[in-house]
1. Given charges of +1 on the Cβ of Lys and Arg and -1 on the Cβ of Asp and Glu, with all other atoms neutral, how large is the dipole of segment 190-258 about its Cα centre, in debye to the nearest 20?
2. Could you list the chymotrypsin sites (Phe, Trp or Tyr not before Pro) in segment 254-319 that lie in coil according to DSSP, counting only those with at most 12 other Cβ atoms within 10 Å of their Cβ?
3. Apply the Karplus curve 6.51 cos²θ - 1.76 cosθ + 1.60, θ = phi - 60°, to the phi angles in segment 215-222 and return the couplings in whole Hz, x for Gly and Pro.
4. Give the order of S147, S44 when sorted by the count of other beta carbons within 10 angstrom, beginning with the fewest.
5. Sorting S266, S278 on the 10 Å Cβ count, fewest up front, what's the list?
6. Enumerate the calculated ³J(HN,Hα) couplings along segment 194-203 in order (Karplus 6.51 cos²θ - 1.76 cosθ + 1.60, θ = phi - 60°), each rounded to whole Hz, writing x wherever the residue is Gly or Pro.
7. Can you give me the relative contact order of segment 220-314 as a percent, contacts being Cα pairs under 8 Å and 6 or more apart?
8. Going through segment 256-291, which trypsin sites (Lys or Arg not before Pro) have at most 15 other Cβ atoms within 10 Å and a DSSP loop state?
Amino acid sequence: MIGETLSILNSWIKDFGMLSEGWRAGILIFMLVFATATAAFIASRVIVALENKFSATRNLWDDALLHAARTPVVAFIWLQGVYWAAEVAHHFSDAEIFKANGTLLQIGFVWVLVWALLRLVKEAEKILVSPMKMRKPMDYTTVNAISKLLRAVVIITAVLTALQTLGFSISGVLAFGGVGGIAVGFAAKDLLANFFGGFIIHLDRPFKVGDWVRSPDRNIEGTVEHIGWRLTTIRTFDQRPLYVPNAAFTTIAVENPSRMFNRRISETIGIRYADINSMKQIVDDIRDMLKNHEEIDLDRTLIVNFLAYGPSSLDIMVYTFTKTTQWVRFHEIKEDVLLKISEIIESHGAEIAFPTRTLHLPEGVKVSGDNHEQSALEPASKDGRGQDSGTQAEKQNDSSR
């Protein structure tokens, strides 16, 4: 069909008798390229108009399909137009490069189709995790893992199809992959370990993007930013990026504080031994205060008891949980609770104890400033200058000798 059309146009232009073969080829190629650009522009405008029309509907998938197909459709039109232009050039020229037009068109078609499918997967991922578009948005980590898997399947299928188009045997490629996979597996065992570690993370979901995680086994703590197939990116609290190989998560314990239900207040507060008569009332008032506090979760354990006789204080244990799990808000609530406990202790005339030590001296010992004098405990008397009389006599005998 293309050959017949070219013959008609060529003969029509040749009838003028004014143009050489080169000029006729140039005019035909220009006309095809201009027609391609016009068709691509019209197709783009039509798809944009359809997007605006379907955006008013409640169906989100038609919007995703049109948005994903707009650019690949324009690329396909250009691909087809360039192919026709190359066929025109091949009609007027016997260059070897033009003999690959059909193969390049098939590979280009595979590329455009893969591009459209990848864009569609990306648009579907945005819809499924968006709280604005879905009543119950799916977990981002799960959707991201499925999206990566679909993209990998599409790309691998496209590569195999392109190899088949270029004349390579797929069965030979698969056989080579089976034999060479063993050697590659030994050479890249760490890479494969990280890959399967990422697969386990997506399967078990011990954490997801945005969670605060930490490991008691390693110096790992921060917010998860990205879960890849080889690395997991964690942003530490001092805003440094931490890249952890996924294989590490299969051998260490990981704590996910983001999934806690409450935060705990666990404090030991001591009062003076002199305030032991007020202990019972202080404990009861602290317990009542916590039960009436609007930020304390009464469905969790609440303990306020006289705990122990400490070295310098009577210890009271305060153990309760807040409703919030937010770090900043938790400390605001804890500050309020501690200040109210201090007010309760002061209202009973008691005081919060601090470490003290009492020194008992035996009778006869007198402490005056920095001078320590012993009167009853010293066996020898002293003269007026503070020296032992016996010692003074010995010195005199020594001098007489």
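Values quoted throughout were computed directly from the atomic coordinates according to the rules given, and no laboratory measurement underlies them. On a predicted model such as this, the values are computed, not experimentally measured, just so you know. Neighbour counts are summed over all protein chains in view; Cβ atoms, including those assigned to glycine, are modelled from backbone coordinates with ideal geometry.
1. Working: 7 positive and 8 negative charges, 24 e Å.
Here segment 190-258 has a charge dipole of around 120 debye.
2. Working: sites: F261, Y273, F306, Y309, Y319; in loops: F261.
Counting only loop positions with at most 12 other Cβ atoms within 10 Å, the chymotrypsin sites (Phe, Trp or Tyr not before Pro) in segment 254-319 are F261.
3. 10, x, 7, 10, 7, 10, 7, x
4. Values: S147 18, S44 15.
Going from least to most buried by this count: S44, S147.
5. Details: S266 10, S278 18.
So the ranking, lowest neighbour count to highest, is S266, S278.
6. Once θ is set to phi - 60°, the couplings for segment 194-203 become 5, 4, 5, x, x, 5, 5, 4, 5, 7 Hz.
7. Working: 70 pairs, mean separation 16.9, N = 95.
Relative contact order, segment 220-314: 18 percent.
8. Working: sites: R259, R263, R264, R272, K280, R287, K291; in loops: R272.
For trypsin sites (Lys or Arg not before Pro) across segment 256-291 that sit outside H, G, I, E and B with at most 15 neighbouring Cβ atoms in 10 Å, the list is empty.
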